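First the structure, in the form of C-alpha coordinates, and then the observations on it.
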(Lines give C-alpha, C1' and ligand atoms only; values in the text may rest on other atoms or scores of the structure.)
Protein backbone atom coordinates (compact mmCIF):
# COMPACT_ATOMS: atom_id res chain seq x y z
CA UNK A 1 0.00 0.00 0.00
CA UNK A 2 1.29 3.46 -0.84
CA UNK A 3 2.22 5.94 1.88
CA UNK A 4 -0.17 8.52 0.42
CA UNK A 5 -3.03 6.00 0.60
CA UNK A 6 -2.26 5.30 4.26
CA UNK A 7 -2.05 9.03 4.98
CA UNK A 8 -5.46 9.57 3.40
CA UNK A 9 -6.97 6.69 5.39
CA UNK A 10 -5.43 8.01 8.60
CA UNK A 11 -6.71 11.53 7.95
CA UNK A 12 -10.23 10.24 7.26
CA UNK A 13 -10.37 8.01 10.34
CA UNK A 14 -11.80 9.02 13.69
CA UNK A 15 -9.34 11.23 15.55
CA UNK A 16 -7.22 9.48 18.15
CA UNK A 17 -5.99 8.53 20.55
CA UNK A 18 -7.92 5.28 20.57
CA UNK A 19 -8.12 3.37 23.84
CA UNK A 20 -9.39 -0.02 24.96
CA UNK A 21 -11.90 0.40 27.77
CA UNK A 22 -13.77 -2.12 29.90
CA UNK A 23 -17.27 -1.41 31.15
CA UNK A 24 -18.79 -2.38 34.48
CA UNK A 25 -20.96 -4.96 32.75
CA UNK A 26 -18.00 -6.88 31.31
CA UNK A 27 -17.86 -5.49 27.79
CA UNK A 28 -14.72 -4.13 26.17
CA UNK A 29 -14.66 -1.40 23.55
CA UNK A 30 -12.13 0.39 21.39
CA UNK A 31 -13.05 4.03 21.83
CA UNK A 32 -11.70 7.26 20.46
CA UNK A 33 -10.96 9.83 23.16
CA UNK A 34 -9.72 12.94 21.40
CA UNK A 35 -9.49 14.92 24.65
CA UNK A 36 -9.02 13.77 28.27
CA UNK A 37 -12.40 13.67 29.96
CA UNK A 38 -14.29 13.86 26.67
CA UNK A 39 -17.03 11.47 25.66
CA UNK A 40 -15.88 8.33 23.87
CA UNK A 41 -16.65 7.56 20.27
CA UNK A 42 -17.15 3.81 19.89
CA UNK A 43 -14.98 2.18 17.23
CA UNK A 44 -15.53 -1.54 17.86
CA UNK A 45 -16.44 -3.89 20.69
CA UNK A 46 -16.26 -7.48 21.85
CA UNK A 47 -20.04 -7.62 22.23
CA UNK A 48 -21.23 -10.50 20.05
CA UNK A 49 -24.43 -8.84 18.92
CA UNK A 50 -22.64 -5.83 17.44
CA UNK A 51 -21.63 -6.15 13.79
CA UNK A 52 -18.26 -4.57 14.62
CA UNK A 53 -17.44 -7.23 17.21
CA UNK A 54 -13.74 -8.17 17.40
CA UNK A 55 -11.57 -10.14 19.80
CA UNK A 56 -9.81 -8.58 22.77
CA UNK A 57 -6.38 -9.12 21.21
CA UNK A 58 -7.55 -7.49 18.00
CA UNK A 59 -8.84 -4.50 19.94
CA UNK A 60 -5.46 -3.87 21.53
CA UNK A 61 -3.77 -4.06 18.12
CA UNK A 62 -6.37 -1.81 16.47
CA UNK A 63 -5.94 0.89 19.12
CA UNK A 64 -2.13 0.66 19.17
CA UNK A 65 -1.83 0.65 15.38
CA UNK A 66 -4.15 3.64 15.01
CA UNK A 67 -2.22 5.61 17.60
CA UNK A 68 1.18 4.72 16.08
CA UNK A 69 0.19 5.27 12.44
CA UNK A 70 1.06 8.99 12.20
CA UNK A 71 4.56 8.35 13.57
CA UNK A 72 5.00 5.27 11.37
CA UNK A 73 4.07 7.34 8.32
CA UNK A 74 6.68 9.96 9.26
CA UNK A 75 9.30 7.20 9.55
CA UNK A 76 8.30 5.83 6.15
CA UNK A 77 8.42 9.27 4.53
CA UNK A 78 11.83 10.03 6.05
CA UNK A 79 13.19 6.64 4.92
CA UNK A 80 11.79 7.21 1.42
CA UNK A 81 13.47 10.64 1.30
CA UNK A 82 16.77 9.13 2.40
CA UNK A 83 16.47 6.26 -0.08
CA UNK A 84 15.92 8.80 -2.85
CA UNK A 85 19.32 10.26 -2.05
CA UNK A 86 21.29 7.03 -2.46
CA UNK A 87 22.74 8.07 -5.82
CA UNK A 88 23.27 11.72 -4.82
CA UNK A 89 26.67 11.56 -3.17
CA UNK A 90 27.45 15.25 -3.65
CA UNK A 91 24.92 16.71 -1.23
CA UNK A 92 26.11 15.95 2.30
CA UNK A 93 23.91 18.65 3.88
CA UNK A 94 20.72 17.23 2.36
CA UNK A 95 21.73 13.72 3.39
CA UNK A 96 22.42 14.89 6.93
CA UNK A 97 19.02 16.64 7.04
CA UNK A 98 17.33 13.46 5.81
CA UNK A 99 19.10 11.39 8.48
CA UNK A 100 18.06 13.91 11.14
CA UNK A 101 14.44 13.70 9.96
CA UNK A 102 14.58 9.90 10.12
CA UNK A 103 16.14 9.97 13.60
CA UNK A 104 13.42 12.38 14.81
CA UNK A 105 10.65 10.27 13.31
CA UNK A 106 12.05 7.10 14.89
CA UNK A 107 12.38 8.83 18.26
CA UNK A 108 8.75 9.97 18.02
CA UNK A 109 7.66 6.43 17.19
CA UNK A 110 9.62 4.98 20.10
CA UNK A 111 8.09 7.45 22.55
CA UNK A 112 4.49 6.86 21.43
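The values are calculated or read from the model by the stated rules, or taken from the named source; none is laboratory data. This is a predicted model, so every value here is computed, not measured. Glycine also receives a Cβ, built like all others from the backbone with ideal geometry; neighbour counts cover every protein chain displayed.
Some values worked out for this structure:
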{"read-out": "Residue satisfying condition, being modelled with pLDDT of 85 or more and more than 14 Å from the chain's Cα centre (by Cα), within set 64, 104", "value": "104"}
{"read-out": "Those residues of segment 77-112 which are touching a residue at least 40 places away in the same chain (Cβ under 8 Å), within 17 Å of residue 2 (Cα to Cα) and surrounded by 15 or more Cβ atoms within 10 Å (Cβ to Cβ), in sequence order", "value": "77"}
{"read-out": "Whichever residue in segment 21-49 is surrounded by 14 or more Cβ atoms within 10 Å (Cβ to Cβ) and at pLDDT below 70 and, among such residues, is farthest from the chain's Cα centre (by Cα)", "value": "47"}
{"read-out": "Enumeration of residues in segment 1-16 that are under 14 Å from residue 63 (Cα atoms) and surrounded by 14 or more Cβ atoms within 10 Å (Cβ to Cβ)", "value": "10, 16"}
